[in-house]
Amino acid sequence: KFAGNKGLNLSTLNGKKIVIEGDSIVNGVLVTGSQRWSTVLTQAIGAIEVNQGVNSKVLHNGNTCGLPQFSNANIPIKDSTHGLFILALGVNDILYDNGTFTPENYKTAIISAVQNMKSKGWTNESILVLSPYFLRSGANNSGACGSGTPSLARYNSYVLASRQACEIEHCMYCDISTVYSDLDMADLIHPNQSGHSKLSDFLLNTNHVTL
């Protein structure tokens, strides 16, 4: 179990590199580079952004419905220039799949990713895992994973799985699942500038971070 709020002092990361690994929301799809949450966050504290956001199909090893694959080669060896590694993989696309991608598989994928980070010198106090992003009410979609309207209960099971992974690995965790709302969405999946701004503000309030 988590001991409680970490009280992470982001001001200590001034001049340090913050590596952000994730999918299209990290990449800033449907907003400009200057509007995405990672850019707003790092500029606010004077940190150096290393944004490694990619299209979800890349993270899922070429199959949007498959298990997320985190390439160990993309994790830098931690040195004195690094301050924080943020892992932010949503399950937005996956929620439309009807069974092959389970919360248990998602938890296992996060655990594997965190262990890969630790093998490169990242510590529990320098790894921050974010929960899946906000799910738009009544969202429906049709694509590689099928079609339909994912249930809130199913979505919440993935949020819980991300938390459990961090409890097992003893790294930092932040539940961002309720940060923004329908009005902060550019489409069925991706936040607009308002959503990115709210997410940055939420992370700057480090009382939300647990360890």
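Taking segment 33-64 as the range and being at pLDDT below 80 and open to solvent by 20 Å² or more (accessible area, probe 1.4 Å) as the test, the residues that pass are ASN55, LYS57, VAL58, ASN61, GLY62, ASN63.
Could we say that GLY138 is at pLDDT below 90, open to solvent by less than 40 Å² (accessible area, probe 1.4 Å) and either among the hydrophobic types (A, V, I, L, M, F, W, C) or over 15 Å from GLY90 (Cα atoms) (or both) here? So GLY138 does not fit the description; no. Which residues, taken from segment 19-32, are in contact with a Gly (Cβ under 6 Å, 6 or more places away or on another chain) and surrounded by fewer than 24 Cβ atoms within 10 Å (Cβ to Cβ)? Scanning segment 19-32 gives GLY22, ASN27. With respect to PHE101, is the statement that it is modelled with pLDDT under 85, among the aromatic types (Phe, Trp, Tyr) and open to solvent by 20 Å² or more (accessible area, probe 1.4 Å) true? For PHE101, the condition - modelled with pLDDT under 85, among the aromatic types (Phe, Trp, Tyr) and open to solvent by 20 Å² or more (accessible area, probe 1.4 Å) - is not met. Could you please tell me which pairs satisfy a Cβ distance under 8 Å, a separation of 6+ or placement on different chains, a first residue in segment 72-86 that is closer than 9 Å to VAL19 by Cα, and a second residue that is basic (Lys, Arg) and open to solvent by less than 60 Å² (accessible area, probe 1.4 Å)? What qualifies is ILE75/LYS120; PRO76/LYS120.
Residues that are open to solvent by 30 Å² or more (accessible area, probe 1.4 Å), hydroxyl-bearing (Ser, Thr, Tyr) and assigned to a helix (DSSP H, G or I) within segment 147-187 comprise just one, SER157. Cβ-Cβ distances below 7 Å connect the following pairs, each with a first residue in segment 156-171 that is more than 14 Å from GLN115 (Cβ to Cβ) and of a type in the set (Ser, Thr, Tyr), a second residue that is open to solvent by 10 Å² or more (accessible area, probe 1.4 Å) and assigned to a helix (DSSP H, G or I), and a separation of six or more residues or different chains: SER157/PRO103; TYR158/PRO103. Looking only at segment 188-199, residues that are at pLDDT 90 or above, open to solvent by 20 Å² or more (accessible area, probe 1.4 Å) and of a type outside the set (Ser, Thr, Tyr) come to 3 in all.
The values are calculated or read from the model by the stated rules, or taken from the named source; none is laboratory data. None of the values given here were measured: they were computed from a predicted structure. So basically every Cβ, Gly included, is an ideal-geometry build from the backbone, and we count neighbours across all protein chains shown. Calculation scope for accessible area: heavy atoms of the full protein, side chains included, ligands and nucleic acids excluded. Shrake-Rupley method; radii C 1.70, N 1.55, O 1.52, S 1.80 Å.
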